[in-house]
Every structure is written in structure tokens, then in C-alpha cells.
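Scroll down for the structure; my scribbles are underneath it.
All of the numbers you see were taken from the coordinates with simple rules; none came from a lab. As the structure is a computational prediction, the values presented were derived from the model and not from experiment. Virtual Cβ from ideal backbone geometry, glycine too; neighbours counted across all protein chains shown.
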Amino acid sequence: MSYTYIGVALLQALSWVLQVLLLQRFLDAAAAYATGSIGFRMILLSLGALALMYLFYHVMDGLGNCYEEIYGLSVGKHLNLMIFKRVDSLQVSEFEDTKRLDYIHKAVNGSGKLIWIGTTLLDILFYYTTYFVFIGWYLFTLKPVLALSIVVVFVPVMLSEWVLMSAFKNLEAASAPIRRESDYYEQCLTDKKHLSETRLLGATAFFENLYTSALQRLNAIVLRTQVRKHLVQLILNIVTVIGYGLIVYMLFVSVMKQEISIGAFAAVLASIGSLYRFMNKLITERIAWATENIGSTENFLDFIDEPVQRTSNMPKPADSDIELKAVRFRYPLATRNAVEEIDLIIPNKQTLAIVGENGSGKTTLCRIIMGLYPPTAGEVWYGKVEASRTSYERTSAVFQHYRKYNETIRENVRISQYSKPADDTAVVSTCEEAGVLLSGEGVKEGLNTMLGREFGGTDLSGGQWQRVAIARGLFRDSDYMILDEPTAAIDPLEETRLYNDFAALCRDKTAVLVSHRLGSVKLADRILVMKDGRIVQDGTHEQLMSMEGEYRTMYEAQRKWYV
Ligand SMILES: Nc1ncnc2c1ncn2[C@@H]1O[C@H](COP(=O)(O)OP(=O)(O)OP(=O)(O)O)[C@@H](O)[C@H]1O
């Protein structure tokens, strides 16, 4: 693909140069015809050749544009795949850091721009350079000093673009966080997820103000850089126009002294004109655009170059105890630790429940146990392997904030075990275990029912979506199962049935279950009670009920409510 693209660029440049030579030949022929030294047929021949070259150039131009599009799409696909792979190798905890998020956004943004910087470079190398070399040679053969015209046009423009490069890199760095902010406010105003609440709360004006203020800040920094850009370009244009004027003057003097023919004079005048247009287009459009965007492409290249933290061939622990040693975790920019001094051994195949009030650190502890968040201090081990260095292949989870995929029910469940051959019987039986309805109103197509409104599918209730998420977690072959409030949206009858099923399903796994419903954690082998990021109680239901403490207080409070 790139060879064809390069070939077309070369032919396009050559046809430009040939047009100049053929124009000179045609004009010289016209002058010779006027003196009667050649016949009319010769003029027609040189005009025909000129016209053919003109047509050829335009065919090459069209082809060049087509190839640029196709090349852009194909390179874009590869760059995006590189980004996806790179993001997949990051620690999930990195996404908690807003600075890191900005950096990742800038890198993703830069991948799209790299394509067009790449095509600009190819064009410079094979199209513009060919054109300038041949036109330079042509001018040199006419009169050596004329070849200098290329330098006169070229140098000031390159200098100015070099100055602009750093300005645009700084612009990218300053605008990324504001862009993320304004995108978020835009989402609050237009996204389906936020719309009902924003409308009901009457918060539209609130978000509009925030959006407007973010855009004003963005515009102010963009404006400063653009003013600088246009000032620099103005200076460049003045210098170039003076150079252009000097060349025309030199040509005029040469023709007066009869050093060059009238045909050469006209052809050079035209070629200098096109040289100027070429240079202007190259520098003020292509190179200027590339300069503006080189900052974000550098981000992309730096991002791709970072040392890989997670690879596809990391060890897969099975049948190991999980050990947490003096673990602490603090979210980026947070002022206090979310979990503190956790020393914990979860023996292989134990079912552990974690309870505690809101914000006590249950979800954070689950993420640390899974190896998704490396602790800020302390260590987590799966047998002899450090948790963040293990593969997640043998771990399954149902998250508190599960995802609703706009896919069929089959894909929504199978996605957790995609390497397994598609087996509808297994998917159906997991759906039954999780209580996912596969017939009736809204799910008429069974496993093929498309879920989510995005692509015209059925939207489910919160509880029904949660059952799909549970099915997804259960479908995955695993030795470690994390269930973080898996039934918060599910009705009490179904919830009781599910907890009994979980107990049976998790019997041969190491399982961690977070729940606020204390009645449902009784079945666990062991219960941890968390408060302010620390484990304050640890024991079986019976042990914890037999002593004073958080657990008994919470349990009694919930029991009273139901009596
Ligand atoms: N992304 C985050 N950035 C900063 N702080 C966070 C983040 N997520 C949680 N926290 C803080 O960490 C602490 C523990 O939160 P965590 O979600 O682990 O609690 P939890 O016990 O699971 O709460 P809940 O029962 O409400 O789900 C809280 O103080 C919370 O404010």
C-alpha cells in the first residue's frame, strides 16, 4: 500500500515538472512559429503534449488523494490497535489519577493525528522533495542564481514553523484537562445516563455555566496561540513575497539581456508562481498542521514507548492462599488512606464476606485483593506471585458498578469467557442460574435479544441488568470469585435464592463477597467487618454474634427492621 502511495506521489511531482518543461517548449515553439522557422503542426504537437501532461497530473492528483484516504484508514486501524493493547497493559489503578487520565487522553488523541503527520512526511519526502529537486535543477540549468529562489522561499518558512512547534505543544498540554472538563459537562447535559436527573434537579443551567466557563478558558488559551501563529506567519509571508519579487526582477533582467528565451521566462515565471503556491501549501497548511499536532503525537509515541506493566503471559495462580501484608491504599489526590494496615490471609477455597458501613473500604479492598490496584504500601501475594503481576485468567468478578453492554444477551454473558467455544447450552444454563429471563415481553429473541437502546435493543430494568452481570461473572471459569454487592438491585426473594446458589457455586473457589444484607453473608466461612479502612472484626457469623461489636449491632438493626 505505502509503495503505491509513494509511486503516485513521485509521478505527481514529476508530472508537475514536466508541465513546466512542456510549457517552455510550447512557448518557444510559438515564438519560432511567429518568426516562421517552424510549422503550425509543431505548435499543435507541443500543445497536445502539454495538455496530456496536465491531464496526467490531475489523474495522479486524484489517485494520490484516494490513496491518502485509504492509507490513513489502514494506518489508523493499526495505531488504534496499538493504543488498545497499550491501555490493556496498564494497571487499572492508573485510571484513578486524573493527571494520568489526561495523559492517556492526549495519547489517544495523538494517534489519529500521527496518521496525517505520517502522510505529510511521505508527501514531503516523495512529492515535494522530488518537485523541488527537479525544479531547482531546471532553474539552475537556466541560470544558477535562479536556483537560490527555492532557498529564499524555504528558509524563513521553516524557521517560523520551528518557533510555532513549542507553542502548540504547550497548548496541547494546557488544553487537555479543560477539554476533559468540558466534555464531562457536555455529557451531563446531553447523555442519556445523566439527562433525567439533570432535568429533574433543574441542574441544566448549573452545567451550562460550568460548560461555558470551561470553554471560555479553553478559547482564551487557543486564541493566544493562534494570534502568535498568525503573527509569525505574517512575518513569513512578507519575507517570502520580498524574495518572490527579487526573483521576478532577476528574470526580467535576464530576459532583457537575452540570457534566457521568452519561453523560458514565461515557464519560469509560472513555475516560480507554482513553487511559491506549493511552498505556501506545504508549509502553512501541511507543515503548520503537523506542527500544531506534533505535541499530541509525541504524547502518543511516549505512551506507546512506556515500559509494559502487564503482559499476556503473566502467571495464573490457582489453588493458592491470598496474603495481604501491612497493606495501605490511598487514591491519587486523596488526603487519607482508603484502607489501612490490612494483614489478612484468605486460605484457598475459603468464602469470605466483607461487611461495613458506606465508605469503610470494602470495594477498595476487593480491588486490592484482585490485584487491580497495587497497594500504596505493603504487599499482596497469590501464593508465591505478587498480585499485580498475576494474570486475571482465573479470577471472575461481579462488580458493584457493572457494565451494561449494548450486545445480545449471549454476548453479554459470553464476553467473560470469550476464548471458550460458543456453547448456547452453557450460556442458557448460566442465565437460568442467575435468573436472566430468556423469553417473554422484551426478550422475544432469547439469547439473540439485543440489549441496550444504543443499537435499537431492549432496555432492561436495573435488577434484570444485574442478573445479566451475575450470569457474566458465573460463566467465567475461575478459581477466585469476587462478588461486590452483586444483588443490590435485585428483589428479596430472588436475592435469597441467588445467595444460596452463590454459596454452592463458590464452594470449590476462593470467594470474596461484599454485601450490606447481613442475612445473606451468614453462609460465608468467615466474615470481616470494616470501619474507616480497617478490619475491626473477623470471624464466623456465630462468633461475631456471640460478642459485642459492629457486626452484632448492624445485624440486630437490620433484623429489627424486618420484624
Ligand atoms: N476513585 C476514588 N478516588 C478517591 N477516593 C475514593 C475513590 N473511591 C473510593 N474512594 C474513597 O475511599 C474510601 C473507601 O471507599 P470504598 O468504595 O472502598 O468503600 P465501600 O466500603 O465499598 O463503600 P460502599 O459501601 O459505599 O460501596 C471512601 O472514603 C471513598 O471516599
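Before moving on, here are some points about what is shown:
- Phi to ³J(HN,Hα) by Karplus 6.51 cos²θ - 1.76 cosθ + 1.60 over segment 398-404, Hz, x for Gly, Pro: 10, 8, 4, 9, 6, 8, 10
- Taking every lysine pair in segment 58-199 that is 8 or more places apart or spans two chains, those with Cα atoms closer than 23 Å amount to 10.
- Trypsin sites (Lys or Arg not before Pro) lying in DSSP loop within segment 235-294, provided at most 14 other Cβ fall within 10 Å: K257
- Neighbours of D508 by Cβ distance under 9 Å: Lys/Arg scored +1, Asp/Glu scored -1, total +2.
- For segment 461-563, the list of GluC sites (Glu not before Pro) that fall in a loop by DSSP and count at most 14 other C-beta atoms within 10 angstrom reads E548.
- For segment 492-546 versus segment 35-78, the inter-centroid distance based on Cα atoms is 77 Å.
- Between T540 and I527, the built amide H atoms are under 5 Å apart, and every one of these is 5 or more places off in sequence or on another chain.
- Chymotrypsin sites (Phe, Trp or Tyr not before Pro) within segment 13-52, DSSP loop, no more than 13 other Cβ atoms inside 10 Å: none
- Its Cα gyration tensor gives segment 2-305 an equivalent ellipsoid. The semi-axes, each the square root of 5 times an eigenvalue, are 51, 22, 17 Å from largest down.
- With all projection directions averaged, the alpha carbon convex hull of segment 444-494 covers 4.8 nm².
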